[in-house]
Amino acid sequence: MAFLQVWSEERYGRGAVNFITGAGGFVQAVLYGYGGFRLKDDGLHFKSTLPSRVTKLALNIHYLGCSLKFEVHVKGVTCTLVSNGPISPDLEVVTGRHVYALKRGEPVTLKTKQGVVRKRVSTVQSEMPQGVKGSHRNI
């Protein structure tokens, strides 16, 4: 059985295999630092930046039972709803005065690196999930 050493706490490469607290700190630096993600009462806020000489940063985030993929580019952010659960709320991305509904597999490209993913506030009733159309059952 082989072990993969992800992090080391000693100067010459010896030490704890998979130094978990160090790895956790690295992940937090990327997620909260460069990704700029903050969880607030009104949604998942992001204000992304890129490290110098980096052209793209891709992050997968789970929020309210949904899996989201964020791709930060030099000129903006692309947000894609990868999957959602049977009781997950509909989501939207808000940037300034623009609101974009998130639909599974349909990327939304923003010309800004700042916005909020939140529960959809739209007054229009959303479509029923696939496989449910046409069948009504009283539970």
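The values are calculated or read from the model by the stated rules, or taken from the named source; none is laboratory data. On a predicted model such as this, the values are computed, not experimentally measured, just so you know. We place every Cβ from the backbone using ideal geometry, glycine too, and count neighbours over all the protein chains shown. The accessibility values were calculated without ligands, DNA or RNA, using every heavy atom of the protein model including side chains. Shrake-Rupley method; radii C 1.70, N 1.55, O 1.52, S 1.80 Å.
For (1) over 18 Å from VAL116 (Cα atoms); (2) of a type outside the set (Gly, Ala, Ser), each residue gets a yes or a no:
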residue: PHE26; (1), (2): yes, yes
residue: HIS45; (1), (2): no, yes
residue: ALA58; (1), (2): no, no
residue: LEU68; (1), (2): no, yes
residue: PRO86; (1), (2): yes, yes
Output for Cβ contacts, cut-off 6 Å, separation at least six or different chains, first residue more than 18 Å from PRO89 (Cα to Cα) in the stretch 99-111, second in a loop (DSSP other than H, G, I, E, B), reads LEU110/GLY76; LYS111/GLY76
In the stretch 80-91, which residue that is of a type in the set (A, V, I, L, M) and within 30 Å of ARG53 (Cα to Cα) is least open to solvent (accessible area, probe 1.4 Å)?
LEU81
Could you run through the stretch 62-79 and say how many residues are open to solvent by 10 Å² or more (accessible area, probe 1.4 Å) and either part of a strand (DSSP E or B) or under 16 Å from VAL30 (Cβ atoms) (or both)?
7
Quickly run through the stretch 100-139 and pick out the residues that are at pLDDT 50 or above and either more than 22 Å from the chain's Cα centre (by Cα) or of a type in the set (S, T, N, Q) (or both).
THR109, THR112, GLN114, SER122, THR123
